Amino acid sequence: MTEKLPRSMVEPKNPRLNASRRANLPHVPGTRVGDYIFLSGMTPIDPQTGERNHGAISEQIRTTLSNMQHMLESAGSSLGELIGTRRRKGQADPSCLARGEIARAALSAHGR
């Protein structure tokens, strides 16, 4: 395949969720390449305040997944179209495993 696919930035409809832009950083939270949408740097930013959620890990995961859902919907997609996720792993301890279980449970609620 030698042809280049069209690329475009995906901006959240809620500007409070674009923490990189607010911090004047050269990062785009979403990129559309052809029919695919890539998200990166998703964090537990509270959509009401724009501040980072420092609550329990389970709450941070739910907030991050909600922000992922918002970004996908901003691009005209949804969690139901999700192909896969990758996450940075913390230390290999039981709490890391618990966080993964919370994320898997939330994604499975959307058929993934």
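Can you tell me which residues in region 21-46 are among the aliphatic types (A, V, I, L, M) and modelled with pLDDT of 85 or more?
Of everything in region 21-46, those that are among the aliphatic types (A, V, I, L, M) and modelled with pLDDT of 85 or more turn out to be V33, I37, L39, I45.
Does region 55-63 contain any residue that is at pLDDT 80 or above, surrounded by 15 or more Cβ atoms within 10 Å (Cβ to Cβ) and not polar (S, T, N, Q)?
yes
The values are calculated or read from the model by the stated rules, or taken from the named source; none is laboratory data. What you are looking at is a predicted structure, and each value in this text was computed from that prediction instead of being measured. As a convention, Cβ positions derive from the backbone with ideal geometry for all residues, glycine included, and neighbour counts pool all protein chains shown.
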